[in-house]
Amino acid sequence: MVKETGWNQFKGKETPSTVEIDESFIKAVPENSDVLDFGCAWGRTAFKLQKLDYNVTGFDLNGNVIETAMETAKMTNENCSSKVKFQTADATKLPHADESFDACILQAFLRTIIPPGNRIKVISEANRVLKKRGTLYLADFGQNWENPLYNERYTRDYQITGELGTFLVREDSEIHGKELFRAHHYTKKELIELVSEFRIEEFHESIFTTFHGYRTKGYIVIARKES
């Protein structure tokens, strides 16, 4: 049984990780670039990018999943010319110097950031550590009011979360199950405002798979740091 809520409850490869890297990232970011993977968990995306000849630094607040990623990296770094490394870190105060990376990936990461002020801090940190002309790749879930399931979730959980689009993800029953974690689905306007420090080069809608296996709307953003 799950004994705690939040993302630190997940061990090894248990962390929900369902969104696939979009080909728009490959087109926007050259091979051999240095990439920072936000909320990397056990490294699913990082290892895929390593096979595509990117050097990736992944970080997560959950030290347990980072240990799993580091163990896997011992093998992949021996077999690949590109390298991956992992660390425990907080996205609102990154342990990296200014202009350290060619690209930052926020792959279904912002959905985990519940306080709105922290979302701004995360994007600001991404801007800080990106090199000039660096790429911000953001893929996250969009609000889907047309879907009766999510319409009910957003409306019902607003009484608890105080923010439309933020809802409880539960262990079993969508109504009575134990709360696992909270998530936020974004409007297009919210995402555009968050990346206002950047120049948006691409913004398109996609379909993502959720933790419970539902297929729903998502957004993919490619943005460029200009100065």
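Table for the structure above
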| read-out | value |
| --- | --- |
| Entries of 27/83; 132/188; 11/217; 131/225; 48/131; 11/48 with Cα pairs more than 18 Å apart | 27/83; 132/188; 11/217; 48/131; 11/48 |
| Two-site label geometry, residue 163 and residue 227: point separation in nm, points 7 Å out along Cα→Cβ | 2.9 nm |
| Exposure proxy ranking, count of Cβ atoms within 10 Å, fewest first, for 181, 59 | 181, 59 |
| Highest-fluctuation residue, 196, 206, 100 considered, GNM on the chain with Cα pairs under 10 Å | 196 |
| Inter-probe distance in nm under a simple model that places probes 7 Å from Cα toward Cβ, at residue 212 and residue 188 | 2.7 nm |
| Label-to-label distance, nm, for residues given as residue 61 and residue 83 (7 Å Cα→Cβ offset) | 2.9 nm |
| Two-site FRET efficiency, residue 48 against residue 70, from Cβ-Cβ distance with R₀ of 22 Å, rounded to 0.05 | 0.85 |
| Rg and Dmax [Cα atoms of the chain; Å; Rg one decimal, Dmax integer] | 17.1, 51 |
| The chain - share of DSSP beta bridges that are antiparallel (%, nearest 5) | 50 percent |
| Most mobile listed residue (85, 121, 27) in the chain, GNM with C-alpha springs under 10 Å | 27 |
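Where a number appears in this text, it was derived from the coordinates with a stated rule and is not lab data. These numbers were taken from a predicted model, which means no experiment stands behind them. Backbone-built Cβ (ideal geometry, glycine too); neighbour counts: all protein chains shown.
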